[in-house]
Amino acid sequence: MENSVTILDCIQRIPSLIEKIIVEKDINIAKVLKKNQEKVIQINKIIIVGSGTSDTAARTAKNFIIRITKIPTFVYTPSEFELDTVEKNSETLYIFVSQTGTSKMTRKAAQEMNSQNYFTIAISESATTLLATEIPNHILMGVGYEEHPTRTIGYTTTAMTLMALGIELALIREVIDIKKANQLYQQALKAAQHQKELVPQTMAWLDKNRRKMMRSSCIFFITSEELMGVAKESAMKIWEIPQIPAIAYEIEESLHGPNYGYTPNHCVIVLNDGGSNENKYLALTNYMKDIKQNGFIIGKTTIDEEDLLFSFEENEFKFIEFSVVIQVLAYRLALDGGRDLLSPHDNSVMYSYFTTHEGD
């Protein structure tokens, strides 16, 4: 049966779901932590494990978690975690993320840590997923039901849930007080409300500027460490939805080896959140505009009318605003490129070669 809910419909649900995560934080997140309060006090390291969008969302939240909790935090894909030579210990919090709760490798890693009685928390879309039932501590992702497998809601709500988990950890460990926690949640709500304005603004921008992107053989997303999770998720979404190969690079790295490879068929989109790297952002964008005729910059400071200038909440939750621009971009490029996004996915041929989730 054809799906009548579009990816854009999903994107437009995100602000209300962020609000719900914050409203329900006490019964969803704080409840789990308080149940394990003795272990929470002893944590000296956090490890987050997930694949795909679960991985990019974790990388989006990581730096915030470090800042707010003062606890070293690391993100691994399940394969990296399996090969990790760091000794596992009882003072580490292991968080395993899978939207459907069926990711085989994530579940395997979670089961291994749980069998050794380490402090584990699962995050998935419902309390009845396989992952949720296999791990003693479960937190809802706040995604509800997402109709499309190319996750947009899941990315944002996963990152927000992980950041809320960081806030609640910091509260219990008395690193921050309730006033600070409430200020942070208010910042997230403001960013979510602004997201509503960015959807039509991005659509209007693409009315005039999508052609170069659609004609490109590859799209590069360039930014600095703070938004690298967003950039990696952007690359994934552009590959998944309009099916254009895409890559994410940190700004300094984008000026090294890749600088010999840029061609007019490569579209560079710079995510500009200001800060110390802004001169590098502008230099690369000018180079791509002047020499390759295929560069854009979005965010705080732009160069010409082809770019997308938008203000954003200059706080810990700017990922909410930057990510929605790329989600809309992915949807629009696919739509204008003629891809049918509403018919059911038939992955039976692919599944005859490989599967990554239970039930595939």
Residues that are buried (at least 23 other Cβ atoms within 10 Å of the Cβ), assigned by TED's automatic domain parsing to the domain that holds Cys267 and outside any loop (DSSP other than H, G, I, E, B): does segment 207-219 have at least one? yes
Unique match (being β-branched (Val, Ile, Thr) and out of contact with any Gly (no Cβ under 9 Å at 6 or more places or on another chain)) among Ile303, Ile269, Ile298, Ile244: Ile298
Just checking, which of Asn265, Asn259 is without any contact (Cβ under 8 Å) to a residue 12 or more places away in the chain and either of a type outside the set (A, V, I, L, M) or surrounded by 23 or more Cβ atoms within 10 Å (Cβ to Cβ) (or both)? Asn259
If we keep just the residues of segment 183-205 that are of a type in the set (A, V, I, L, M, F, W, C) and within 22 Å of the chain's Cα centre (by Cα), which is surrounded by the fewest Cβ atoms within 10 Å (Cβ to Cβ)? Met203
Which of the helices (runs of 4 or more DSSP H) found entirely inside segment 262-360 contain at least 2 residues meeting this: touching a helix residue (DSSP H, G or I) at 6+ places or on another chain (Cβ under 8 Å) and outside the structural domain of Tyr155 (by TED's automatic domain parsing)? 278-287, 319-336
What pairs can you find where one residue is in segment 33-49 and assigned by TED's automatic domain parsing to the domain that holds Ala109, the other is of a type in the set (Asp, Glu) and surrounded by fewer than 17 Cβ atoms within 10 Å (Cβ to Cβ), and their Cβ atoms are less than 9 Å apart, with a gap of 6+ or different chains? Lys39/Glu91; Gln42/Glu91; Ile43/Glu91; Asn44/Glu91; Lys45/Glu91; Ile47/Asp84; Val49/Glu80
Those residues of segment 1-36 which are closer than 23 Å to Leu165 by Cβ, aliphatic (A, V, I, L, M) and exposed (fewer than 14 other Cβ atoms within 10 Å of the Cβ) amount to Val23, Ile27
From the list Ala248, Ala330, exactly one residue is modelled with pLDDT of 95 or more, surrounded by 15 or more Cβ atoms within 10 Å (Cβ to Cβ) and in contact with a strand residue (DSSP E or B) (Cβ under 6 Å, 6 or more places away or on another chain). Which is it? Ala248
Does Asp55 satisfy the criteria of being under 30 Å from Pro149 (Cβ atoms), surrounded by fewer than 20 Cβ atoms within 10 Å (Cβ to Cβ) and of a type in the set (D, E, K, R)? no
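The values are calculated or read from the model by the stated rules, or taken from the named source; none is laboratory data. Given the structure is predicted, the values throughout are model-derived calculations rather than measurements. Every residue, glycine among them, receives a Cβ derived from its backbone with ideal geometry; neighbour counts consider all protein chains shown.
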